[in-house]
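Supplied in structure tokens, the structure appears directly below.
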């Protein structure tokens, strides 16, 4: 698996403050949509600024496209588009005129302006000034600017911040198209799991500068399954607890760790053979929000 972004023991602090990024070891696969998730103040924006060279790394190394950023800075950054914090656009200009401001910097053609406006769904705006755009349209215009030079990697910091539900859906569809149709690797930060769970292929969860989880979305789902529990309700909870031999006894139920269907069936037969009435056997699985909160509060 080739990596688009890899960091080795990346750490950073602002003057006398506590460490903002602590021994971070990111691995962002090429071709992925990587969700960089954590609460506000977790170190997400600082990490992205370090990757973009906007802040000089104090400790550790950053590799982009397999090359060390400190040694191949210009070459690496030419292949990246980004939107960090609020979009920078001129309200008195149209979408097309805004992109023409960036055209000399990126050395792109006039036809490329039309292409990226189509990609982000703004080709219809024509003479409409940017100050008349909705927030979602402004975000898409800023992304269009970051796509002018056909980057291989797109870095977006909280791109759905402040958007209404329709704007979030449109942003999600745009990012998916860029990834699937144009092969752009995308790293998108957010503080809300619900925002990224329908979009990403890979996930990194950061809290207090430390990476708490990194892996595929299916691996996070497997972690969720491993924390499933079984709830038993019978006419005699104390005897039932002795039969099962594990779990926690409560006044109105017994909660045991997850077990196979065969184990459950075997215990059911034993419980019934002892003359105990079996009222309920149910499976409880924590939702992903619970898993996320558990990770960020385990420090």
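Take residue 115 and tell me if it is surrounded by fewer than 21 Cβ atoms within 10 Å (Cβ to Cβ) and either part of a helix (DSSP H, G or I) or over 24 Å from the mean Cα position of the chain (by Cα) (or both).
Against the criterion (surrounded by fewer than 21 Cβ atoms within 10 Å (Cβ to Cβ) and either part of a helix (DSSP H, G or I) or over 24 Å from the mean Cα position of the chain (by Cα) (or both)), residue 115 qualifies.
Please return the ranges of strands (runs of 3 or more DSSP E) entirely within region 1-95 where 1 or more residues are at pLDDT below 95 and over 30 Å from residue 135 (Cα atoms).
Once the strands (runs of 3 or more DSSP E) in region 1-95 are filtered for at least 1 residues that are at pLDDT below 95 and over 30 Å from residue 135 (Cα atoms), what remains is 3-13, 19-24, 59-64.
Applying the selection to region 182-216, what residues are in contact (Cβ under 8 Å) with a residue 60 or more places away in the chain and either part of a helix (DSSP H, G or I) or outside the structural domain of residue 163 (by TED's automatic domain parsing) (or both)?
182, 193, 194, 196 - these are the residues of region 182-216 that are in contact (Cβ under 8 Å) with a residue 60 or more places away in the chain and either part of a helix (DSSP H, G or I) or outside the structural domain of residue 163 (by TED's automatic domain parsing) (or both).
Ok, one more. Counting only residues that are surrounded by 14 or more Cβ atoms within 10 Å (Cβ to Cβ) and more than 16 Å from residue 143 (Cα to Cα), how many does region 155-200 have?
Final tally of qualifying residues: 9.
Being in contact with a strand residue (DSSP E or B) (Cβ under 7 Å, 6 or more places away or on another chain) and farther than 22 Å from residue 287 by Cα is the filter; apply it to region 239-251 and report the residue that is surrounded by the fewest Cβ atoms within 10 Å (Cβ to Cβ).
Result: 246.
Let me ask something else. If you take the residues in region 256-288 that are in a strand (DSSP E or B) and loosely packed, with under 15 Cβ neighbours inside 10 Å, which one is modelled with the lowest pLDDT?
284
Right, here's the next one. Would you point out which residue out of 145, 173, 123 is assigned to a helix (DSSP H, G or I), farther than 30 Å from residue 274 by Cα and in contact with a helix residue (DSSP H, G or I) (Cβ under 6 Å, 6 or more places away or on another chain)?
Going through 145, 173, 123 in turn, the sole match is 145.
The values are calculated or read from the model by the stated rules, or taken from the named source; none is laboratory data. Just so we're clear, the structure is a prediction, and the values are computed from it rather than from any experiment. Positions of Cβ are backbone-derived with ideal geometry, glycine not excepted, and every protein chain shown enters the neighbour counts.
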